[in-house]
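Below is one structure, written out as structure tokens, with a few remarks after it.
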Amino acid sequence: MLEKIFISFRESDRQYREGFEGLLQNPNSSLKAIPISSREDVRHQGEAAVKIYIKKMLDESDIIICLIGNDSHNSKWIDYEINVATSKNIPIIMVRIPNTYGSGPLLFKKRNLPLVNWNINEIKREIKKYI
């Protein structure tokens, strides 16, 4: 059975989320999973609606991949996703976006979460620790 991976990302890093999803769905890739990430923009419905939407997606997820770029540490939604995933005991893996140097969210440091490079073998090795 394929794992369901929630992809947490800052909106400005959307192209990397799309690239990561493509990697998961590529039939020639050695890393195969079902990507779960926001498709619907519910922000206009208010913060409560966004939180409900995020929780629903996380409830369907086996692992969280959090894409870390230059400004990820300033995203309240990445913080929220990590908090919810932590409360649900969903494994979290941080993946460094290429050529970026920004810090991860505060919980990344507090929980000593794994940070891997944007490298298929490193990501796969880290995921296998949880499946």
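Rundown of residues vs (1) more than 25 Å from N119 (Cα to Cα); (2) of a type in the set (F, W, Y); (3) not in a helix (DSSP H, G or I), yes/no style:
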position	(1), (2), (3)
R14	no, no, no
R17	no, no, no
P27	no, no, yes
S30	no, no, yes
K51	yes, no, no
I54	yes, no, no
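I need every pair where a residue in region 2-26 that is without any contact (Cβ under 8 Å) to a residue 40 or more places away in the chain has its Cβ under 6 Å from the Cβ of a residue that is of a type in the set (A, V, I, L, M, F, W, C), sequence separation at least 6 or different chains.
Here the result reads L2/A33; L2/I34; L24/A33, each pair linking region 2-26 to a residue that is of a type in the set (A, V, I, L, M, F, W, C).
Looking only at residues that are closer than 18 Å to D71 by Cα and exposed (fewer than 13 other Cβ atoms within 10 Å of the Cβ) in region 1-36, which one is modelled with the lowest pLDDT?
Top of the filtered list is E11.
For region 37-50, indicate whether the set of residues that are polar (S, T, N, Q), at negative phi and exposed (fewer than 15 other Cβ atoms within 10 Å of the Cβ) is non-empty. Even if it seems obvious, please write down each step before you answer.
Here is the first cut: in region 37-50, the ones polar (S, T, N, Q) are 37-38, 45.
With at negative phi added as a condition, the list becomes 37-38, 45.
The next check asks that each one be exposed (fewer than 15 other Cβ atoms within 10 Å of the Cβ); those that pass are 45.
Yes: region 37-50 contains one or more residues that are polar (S, T, N, Q), at negative phi and exposed (fewer than 15 other Cβ atoms within 10 Å of the Cβ).
Would you check which residues across region 2-12 are closer than 18 Å to E126 by Cα and in a loop (DSSP other than H, G, I, E, B) and list them? Give the steps one after another, and end with the answer.
Of region 2-12, the ones closer than 18 Å to E126 by Cα are 2-8.
Within region 2-12, just L2 meets the criteria.
Is there a residue in region 54-64 that is crowded, with 19+ Cβ neighbours inside 10 Å, of a type in the set (S, T, N, Q), more than 23 Å from R125 (Cα to Cα) and within 11 Å of the chain's Cα centre (by Cα)?
Within region 54-64 (the criterion being crowded, with 19+ Cβ neighbours inside 10 Å, of a type in the set (S, T, N, Q), more than 23 Å from R125 (Cα to Cα) and within 11 Å of the chain's Cα centre (by Cα)), the answer is no, since none of the residues qualifies.
From the list I64, I90, I34, exactly one residue is in a strand (DSSP E or B) and within 24 Å of N112 (Cα to Cα). Which is it?
Going through I64, I90, I34 in turn, just one is in a strand (DSSP E or B) and within 24 Å of N112 (Cα to Cα): I64.
Among the residues of region 93-117, which ones are within 22 Å of I34 (Cα to Cα), free of Cβ contacts under 8 Å to residues at least 40 places away in the same chain and not in a loop (DSSP other than H, G, I, E, B)?
The answer is I93, M94, R96, V116, N117.
Rundown of residues vs (1) modelled with pLDDT under 90; (2) touching a strand residue (DSSP E or B) at 6+ places or on another chain (Cβ under 9 Å), yes/no style:
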| residue | (1), (2) |
| --- | --- |
| I68 | no, yes |
| H73 | yes, no |
| Y80 | no, no |
| N83 | no, no |
| K88 | no, no |
| R96 | no, yes |
| G102 | yes, yes |
| L106 | yes, no |
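Condition first: part of a loop (DSSP other than H, G, I, E, B) and small (G, A, S). Now tell me which residues in region 67-87 satisfy that. Spell out how you get there, then give the answer.
Kept after step one, since they are part of a loop (DSSP other than H, G, I, E, B), are these residues of region 67-87: 69-71, 75.
G69, S75, listed by residue number.
Can you tell me which condition I68 does not meet? The list is (1) crowded, with 17+ Cβ neighbours inside 10 Å; (2) over 18 Å from N121 (Cα atoms); (3) free of Cβ contacts under 8 Å to residues at least 60 places away in the same chain; (4) touching a Phe, Trp or Tyr at 6+ places or on another chain (Cβ under 9 Å), and all the others hold.
(2)
The values are calculated or read from the model by the stated rules, or taken from the named source; none is laboratory data. These numbers were taken from a predicted model, which means no experiment stands behind them. Glycine gets a Cβ as well: all are built from the backbone with ideal geometry, and neighbour counts include every protein chain shown.
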